[in-house]
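What follows is one structure encoded as structure tokens, with my remarks underneath.
No lab work stands behind these numbers, since they all come straight from the coordinates. Computed from a predicted structure; not experimentally measured. Every residue, glycine as well, gets a Cβ built from its backbone with ideal geometry; the counts of neighbours run over all protein chains shown.
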Amino acid sequence: MLQPKYKRVVLKLSGEALAGGSGYGIDAAVINSIAFQIKEIVEFNTQVAVVVGGGNIWRGVSGSSQGMDRATADYMGMLATVLNALALQDALEKAGVNTRVQTSIEMRQVAEPYIRRRAIRHLEKGRVVIFAAGTGNPYFSTDTTAALRAAEIEAEVILMAKNQVDGVYDADPKVDPNASKFETLSFLDVLNRGLGVMDSTAISLCMDNNIPIIVFNINEEGNIKRVIIGEEIGTTVKGGSV
């Protein structure tokens, strides 16, 4: 029987990944596919925490660029991530996966408040934990949330699920047909080249805590499982020179 390479992971899902081809809202077929892929790795006894974005509903940066107060716009973005987290929880539980949503902004009627030790206990019991509402602070992205939560729960790796690309390229592959994909990168490479893996705060957190990042395409069925069992897909960002 195949053995998982990783025992505890953080899966980072962008809001756009949940929207499918429409670019807005939540696509039921897409979220059910993601739930099935998560179920596959839970059955491998891998502990899974998920951080969801909210860009399919609202982006704080976009709101602030239109004149809205930045903090207000960011709080709205945090609430959008809660909508996505509840939708993913519903899909996972319909697939038979025990799931808990924890939010950085308290809303006890719909989710637990984020408590580190409780989150770890849920993971140890085989439950998927979805972290919503970002860090609870404006000016911080959900990428930074993923890096922070990964460090806090001592995850072995962050799985960066992308819905349009299968890794990190030296140029935009949708614009430049000659763009080359990196197999591996160092954290310093990402920072120095300004590559759009995560924002610089998130990358620095990962570098300081030696948490590797694997960037891959979520739209190809079975890719999460391939990463978990150690297949080399996408792009791996890690410490040291590569």
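Hey, if you put +1 on the Cβ of every Lys and Arg and -1 on every Asp and Glu Cβ in the stretch 8-238, which of MET78, VAL215, LEU191 ends up farthest toward the positive end of that dipole?
Value computed over the given set: MET78.
Using a simple charge model, +1 on the beta-carbon of Lys and Arg, -1 on the beta-carbon of Asp and Glu, nothing else, what dipole does the stretch 8-238 show about its Cα centre, in debye to the nearest 20? Don't jump to the answer; show the numbers that get you there.
On the way: 22 positive and 27 negative charges, 145 e Å.
Here the size comes out at about 700 debye.
Roughly how many Å is it from the Cα centre of the stretch 134-165 to that of the stretch 53-127, as a whole number?
So the two Cα centres are separated by 12 Å.
Can you compute the FRET efficiency between ASN209 and GLU183 using 1/(1 + (r/R0)^6), with r the Cβ-Cβ distance and R0 = 25 Å? Round to the nearest 0.05. Working shown, then result.
Numbers: r = 23 Å, r/R0 = 0.91.
Working from the Cβ atoms, E equals 0.65.
Name the helices (complete DSSP H segments) of the chain with a Cα length along the long axis of 24 Å or more and a Kyte-Doolittle mean of at least -1.0, or state none.
Working: long enough: 70-94 (37 Å, 0.35).
Helices passing the filter in the chain: 70-94.
My understanding is that a pair violates if its Cα-Cα distance is over 26 Å; which of LYS94/LYS174; LYS39/LYS174; LYS125/LYS162; LYS7/LYS174; LYS125/LYS181; LYS5/LYS238 do that in this structure? Can you show the working numbers first?
On the way: LYS94/LYS174 35 Å; LYS39/LYS174 31 Å; LYS125/LYS162 28 Å; LYS7/LYS174 34 Å; LYS125/LYS181 38 Å; LYS5/LYS238 16 Å.
Pairs exceeding 26 Å: LYS94/LYS174; LYS39/LYS174; LYS125/LYS162; LYS7/LYS174; LYS125/LYS181.
In the stretch 165-218, what trypsin sites (Lys or Arg not before Pro) fall in a loop by DSSP, with at most 11 other Cβ atoms inside 10 Å?
Hits after loop and neighbour filter: LYS174.
If you count, for each residue, the other Cβ atoms within 10 Å and average over each peptide, how do 157-165, 18-26 line up from highest to lowest? Could the numbers behind the result be given before it?
On the way: 157-165: 21.3, 18-26: 15.4.
Ranking the peptides 157-165, 18-26 by packing returns 157-165, 18-26.
So for the chain, taking the charge dipole from beta-carbon charges (+1 Lys/Arg, -1 Asp/Glu), which of SER204, GLY55, PHE44 sits furthest toward the positive end?
PHE44
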